[in-house]
Amino acid sequence: MAAVLLAALVPAPAAPEYVALGDSYAAGVGTDRASCGRTAKAYPALFAEGRYDLEFKACAGATTQDVARQAEALSPSTALVTVTVGGNDAGFAEVMTACVLSDDRACEGQVAKAERFIRDELPGRLEGLFGSMRSQTDAQVVVLGYPRLFEQSDPCSLSGPKRAAVNRASDALADVLGAQATAFSFTFVDVRGRFAGHGACGGSPWVNDLTLPVTSSYHVNTAGHRDGYLPALREVAP
């Protein structure tokens with residue numbers, strides 16, 4: 001009887017802390033409407049459920065500079081950090097606006113501009129962010145990349161050449177994210193293979209095509225977070 005009473009008085013161990021950083025792809029834009037885009041259907045919320053005390057800081061529109069401010073949530077008790085970032089620095093919104101509203105040539109031009117930024121400037125921004133994060137925590141840091149957004153199936157809101165150009169930029173972004181993550185001994189999760197065949201305009205899309213609300217367009221949907229990002233994160237994080 002005494003042992004039972006003692007057990008009742010001892011508090012349950014606290015769940016380990018998980019800090020989720022990043023932009024709209026980490027927040028869950030494309031799955032539901034919520035403040036800052038953060039939803040319970042996003043991969044951080046799904047991964048944390050029943051296992052972690054989640055500090056969900058990811059926010060739609062976040063750049064590397066914004067994520068540096070989000071990372072102020074890191075503490076000595078942080079056990080796991082995830083981050084998806086870089087697309088907004090490279091002008092994701094500008095690329096998609098040009099590709100939706102303009103012709104193939106204008107789309108290609110905006111993608112080429114993004115690719116130059118990804119190659120020439122993004123590595124330095126990521127180096128600054130990742131270096132700051134590493135100085136703030138010894139926790140495992142998992143950098144989750146972006147999928148290729150499109151299949152070449154029709155019908156689709158974008159032409160074949162536009163889709164190919166956007167996917168090319170996604171590949172460039174993945175290469176830079178992977179290289180910088182590795183440089184800081186972070187775990188890089190390249191989700192392109194897992195999302196293959198599930199891009200927008202495919203038969204079983206995990207990425208939204210042009211949709212309402214417009215802010216959900218070209219973002220990962222509920223199935224993509226559940227069946228794409230979530231199992232990819234589970235493969236590398238405890």
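The values are calculated or read from the model by the stated rules, or taken from the named source; none is laboratory data. Predicted model, so just to flag it, every value in this text is computed and none were measured. Cβ placement follows ideal geometry from the backbone for every residue including glycine, while neighbour counts extend to all protein chains displayed. Areas reflect the complete protein model, heavy atoms only, side chains present, ligands, DNA and RNA absent. Shrake-Rupley method; radii C 1.70, N 1.55, O 1.52, S 1.80 Å.
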### Task
Give the residues of region 81-123 that are within 19 Å of the chain's Cα centre (by Cα) and not in a helix (DSSP H, G or I), sorted by residue number.
81, 82, 83, 84, 85, 86, 87, 88, 89, 90, 91
### Message
For region 84-117, give me the residue count where each residue is closer than 25 Å to residue 178 by Cα and among the hydroxyl-bearing types (Ser, Thr, Tyr).
### Response
1
## Note on the structure
Note on residue 111: of the conditions (1) at pLDDT 95 or above; (2) open to solvent by 10 Å² or more (accessible area, probe 1.4 Å); (3) over 30 Å from residue 236 (Cα atoms), unmet is (2)
## Note on the structure
Going through region 185-209 in order, the residues found to be in a strand (DSSP E or B) and either touching a Lys or Arg at 6+ places or on another chain (Cβ under 9 Å) or surrounded by 19 or more Cβ atoms within 10 Å (Cβ to Cβ) (or both) are 189, 200, 207
### Query
Name the residues in region 95-107 that are touching a residue at least 40 places away in the same chain (Cβ under 8 Å) and surrounded by fewer than 19 Cβ atoms within 10 Å (Cβ to Cβ), would you?
100, 104
### Task
Answer yes if at least one residue in region 55-76 is charged (D, E, K, R) and closer than 22 Å to residue 226 by Cα, and no otherwise.
yes
### Query
Conditions: (1) outside any loop (DSSP other than H, G, I, E, B); (2) open to solvent by less than 40 Å² (accessible area, probe 1.4 Å); (3) not charged (D, E, K, R). Residue 158 meets all but one. Number of the miss?
(1)
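Does residue 155 satisfy the criteria of being of a type outside the set (Phe, Trp, Tyr) and at pLDDT below 95? Steps first, please.
On the way: of a type outside the set (Phe, Trp, Tyr): yes; at pLDDT below 95: yes.
It is true that residue 155 is of a type outside the set (Phe, Trp, Tyr) and at pLDDT below 95.
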### Task
Tell me which residues, restricted to region 102-146, are touching a Leu at 6+ places or on another chain (Cβ under 7 Å) and β-branched (Val, Ile, Thr).
118, 137, 142, 143
#### Entry: Members of region 181-238 that are of a type outside the set (A, V, I, L, M) and farther than 20 Å from residue 87 by Cβ
185, 197, 202, 203, 204, 226, 227, 231, 234, 235, 238
## Note on the structure
Considering region 129-172, residues that are free of Cβ contacts under 8 Å to residues at least 40 places away in the same chain and in contact with a strand residue (DSSP E or B) (Cβ under 7 Å, 6 or more places away or on another chain), and then whichever is farthest from residue 16 (Cα to Cα), we arrive at 163
### Query
Looking at region 124-155, which of its residues are open to solvent by 50 Å² or more (accessible area, probe 1.4 Å), within 20 Å of the chain's Cα centre (by Cα) and under 22 Å from residue 52 (Cβ atoms)?
134, 140
